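Student: Quick one: the structure is below, questions incoming.
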Amino acid sequence: MLIDGIAIALLVVIFLLLFLVVDWSMQLLLQRQTLRARLRSGGRQPLPSNENAVRSSRAVQRVKKHLDQLLHSLRVPLKGDALFSMLAGLLIGGLLLGSWIFGTWKGALLLGAMIAGTPYLVMRLLLVHKRLEAQIDFLPALESFYQCYLITGERQIKVALARLMEEKMMTGSMRRIFEQLYRNLSVLEDDDESLELFAHALGHIWSDYFVQMLKVAMHEGVTISGSLKELISDMRAARRSNEQERHRLLEIRIANFTPLLFFGLFVGINLYYNREHAIQYYIYDAGGREMLLHMFVMIFLSFIMGLYLSRKKLNA
């Protein structure tokens, strides 16, 4: 068993290295093909023969940008490229492990997908929890920003944010999110990208409205004091319904752990009353291993459904 485990580990390392080499080679080849196509077409659009490759490259870049936003919102010191390669490596390792344990394509694919998707799912759940905490403090933070905006002359958004940071009117996670927005606006060249990262960190409809107002103020140079005042009034009117939504989100999060609880209870009872037979069935029997795989898939899908419902409640 130890020798088999070492062999599997070596195969995983080899496949990770192969994946990195292939990924780097494909990116280099795609860049060269795209450059040649543009040169042949006079710098206009790529040739039709490269459209599929360009479309695939754009899809990968969108995924990496999404991972970048996720890591930025969670303050994880990684880039989307590194996380993408890590998840791809976990997928390859999961496929190898699944084929070794179950000996079928179905087992390899399901186990590989769960192993690769678990880190992403955990980060999404952490982001939902962070957004829920920030949503509670968003109204007081918006009121503080409105006061600073009026004091600084209703023109410069960055000046109002600087005043907001100096006054230290906010605490906790909301202060960190606004500090991140101010820092990004000061460092990054693209203001729209900074505002998108801010909206992604909050993740509710009120933040989307606020970001759209900031974009109008920064691009067109007009005052948005009236719009901010109206937004604050609407948020105050919706505070009671938001409290009810938070209770529903808590019920969804509790329901997510119900399949895991029943799984532990079911396996625990079998191990308690017939330990040897249960171990023989769950570990050495192919049917028992497949049953455990199906149970883990159902638990994984329940967390995905809970995440989907939580996102709908936050964006409602």
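The values are calculated or read from the model by the stated rules, or taken from the named source; none is laboratory data. What you see is a predicted model; the values in this text were computed from it and never measured. We place every Cβ from the backbone using ideal geometry, glycine too, and count neighbours over all the protein chains shown. Please note that ligands, DNA and RNA were not included when accessible areas were found on the heavy atoms of the full protein model with its side chains. Shrake-Rupley method; radii C 1.70, N 1.55, O 1.52, S 1.80 Å.
Student: Filter the helices (runs of 4 or more DSSP H) completely within region 158-239 down to those with at least 3 residues that are among the aromatic types (Phe, Trp, Tyr).
Tutor: Values: elements: 172-187, 191-202, 205-220, 225-237.
Answer list for region 158-239: 205-220.
Student: Has region 238-247 got at least one residue that is modelled with pLDDT under 90, touching a helix residue (DSSP H, G or I) at 6+ places or on another chain (Cβ under 6 Å) and closer than 19 Å to Ala134 by Cβ? Working first, answer last.
Tutor: Within region 238-247, the subset modelled with pLDDT under 90 is 238-247.
Now drop any that are not touching a helix residue (DSSP H, G or I) at 6+ places or on another chain (Cβ under 6 Å), which leaves 245.
Add one more test, that the residue is closer than 19 Å to Ala134 by Cβ, and what stays is 245.
There is at least one residue in region 238-247 that is modelled with pLDDT under 90, touching a helix residue (DSSP H, G or I) at 6+ places or on another chain (Cβ under 6 Å) and closer than 19 Å to Ala134 by Cβ.
Student: Separate question: Going through Gln135, Gln33 one at a time, which residue ends up being in contact with a His (Cβ under 6 Å, 6 or more places away or on another chain), modelled with pLDDT under 85 and either more than 30 Å from Leu195 (Cα to Cα) or open to solvent by 20 Å² or more (accessible area, probe 1.4 Å) (or both)?
Tutor: Gln135
Student: Then there's this: Which pairs turn up if I take residues in region 197-223 that are surrounded by fewer than 14 Cβ atoms within 10 Å (Cβ to Cβ) and look for partners that are part of a helix (DSSP H, G or I) and modelled with pLDDT under 85 with beta carbon separation below 8 Å, at least 6 apart in sequence or on another chain?
Tutor: Matching pairs, first to second residue: Ile205/Asn315.
Student: Let me ask another. Residue check: is Leu97 open to solvent by 40 Å² or more (accessible area, probe 1.4 Å) and farther than 30 Å from Tyr182 by Cβ?
Tutor: So Leu97 passes the test.
Student: If you don't mind, there's one more thing I want to ask. Checking Leu150 against (1) open to solvent by less than 60 Å² (accessible area, probe 1.4 Å); (2) at pLDDT 85 or above; (3) not β-branched (Val, Ile, Thr), which test does it fail?
Tutor: Among (1) open to solvent by less than 60 Å² (accessible area, probe 1.4 Å); (2) at pLDDT 85 or above; (3) not β-branched (Val, Ile, Thr), Leu150 violates only (1).
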